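Please read through the structure below; I'll follow up with questions.
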Amino acid sequence: MPRTADGSAGDADYGVIARDYTDHRVPDPRIARAVHAALGGARTVLNVGAGAGSYEPVDRDVTPVEPSASMRGRRPGHLAGAVDAAAEELPFGDDSFDAAMATFSVHQWQDLHRGLAEVRRVTRGPVALLTCDPALVRGFWLDEYAPEVLATEASRYPAPDVLAAGLGGRVETVRVPVPLDCSDGFNETYYGRPEGLLDPGARASCSAWSFVGDDVVARFTADLTRDLADGTWDERHGHLRTTPELHGSLILVVSEPD
């Protein structure tokens, strides 16, 4: 798959997605703590598909890799500039880093197995992947309104056992709860705040929406707007408005070398 004019290496064009991304995809500190804990005592960290720098620890030496020029341009000044490269061809020697991380990135890699092998090649210690379990993606009210979106997500995320096989070593997969007031606007963030997904910018910051047609978006917004106005959504799902956290599809896959 050729890279886009922006340099995006996956199936989504981050030259478009980047426009509103940092307004809605603000890293949540509770999720960050889980990612950072998985890195152990690593001092040097590789971040693959680093984007605008979400979840990069500021107290370690991080080397970001990001193929999209638009996303590299969204990185704040206090973070290191990103290397223009993709997961499948990392320009580093063997065992260059104490640890590696990737957050909401593996589903964008053109060749997953090659990318995982490359990450393991350049990493001495743990590899931590924040991603979603495709088997759990559709267990969320959004499937009632836009099943095409979640079907797209489920088809793009690699299964945990595939990630484990590609990384090797001792692998643990843990579910990461999504807080009710989560600041990182992926789809499940809005489990108890459905009005948030009526914002076009919020939807644009979740790549799965870029794969569905305008007819799907129009139907979704009309149906959800109606059901919020007449109380239907709250009759079905109103308990979620006060549910402190969602144990949904968000997972952390951590590989430690043998």
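Rule-based calculations on the coordinates, nothing more; no lab input. Keep in mind it's a predicted model, so treat the numbers as computed, not measured. All Cβ positions, glycine included, derive from the backbone under ideal geometry; neighbour counts span all protein chains shown.
Can you pull the one-decimal nm distance between simple spin-label points at Asp143 and Thr225, each 7 Å off the Cα toward Cβ?
About 2.7 nm separates the two model spin labels.
Percent relative contact order of segment 14-256, based on C-alpha pairs within less than 8 angstrom and at least six residues apart?
RCO, segment 14-256: 23 percent.
Suppose every K and R has +1 on its Cβ and every D and E has -1 on its Cβ; what is the size of the dipole of segment 103-258 about the Cα centre, in Debye to the nearest 20?
Roughly 600 debye, rounded to the nearest 20.
At a Förster radius of 30 Å, what calculated FRET efficiency corresponds to the Cβ-Cβ distance of Asp258 and Val217, to the nearest 0.05?
FRET efficiency, Asp258 to Val217: 0.05.
Still on this structure: How long are the semi-axes of the equivalent ellipsoid of segment 14-256, taking √(5λ) for every eigenvalue λ of the Cα gyration tensor, in whole Å from largest down?
Semi-axes from the Cα gyration tensor: 32, 18, 16 Å.
Would you calculate the convex hull of the Cα atoms in segment 164-258 and tell me its volume per residue in Å³?
Spread over its residues, the Cα hull of segment 164-258 gives 122 Å³ apiece.
Taking every eigenvalue of the Cα gyration tensor of segment 139-206, multiplying by 5 and rooting it, what semi-axes result, largest first, whole Å?
The three semi-axes for segment 139-206 are 27, 15, 11 Å.
Return the long-range amide H neighbours of Ile251 (sequence gap of 5 or more, or a different chain), with a cut-off of under 5 Å between placed amide H atoms.
Distant-sequence amide H within range of Ile251: Thr131, Cys132, Asp133, Val176.
Also: Measuring from label point to label point, each 7 Å out along Cα→Cβ, what is the Ala37 to Arg60 span in nm?
So the label points at Ala37 and Arg60 sit 1.4 nm apart.
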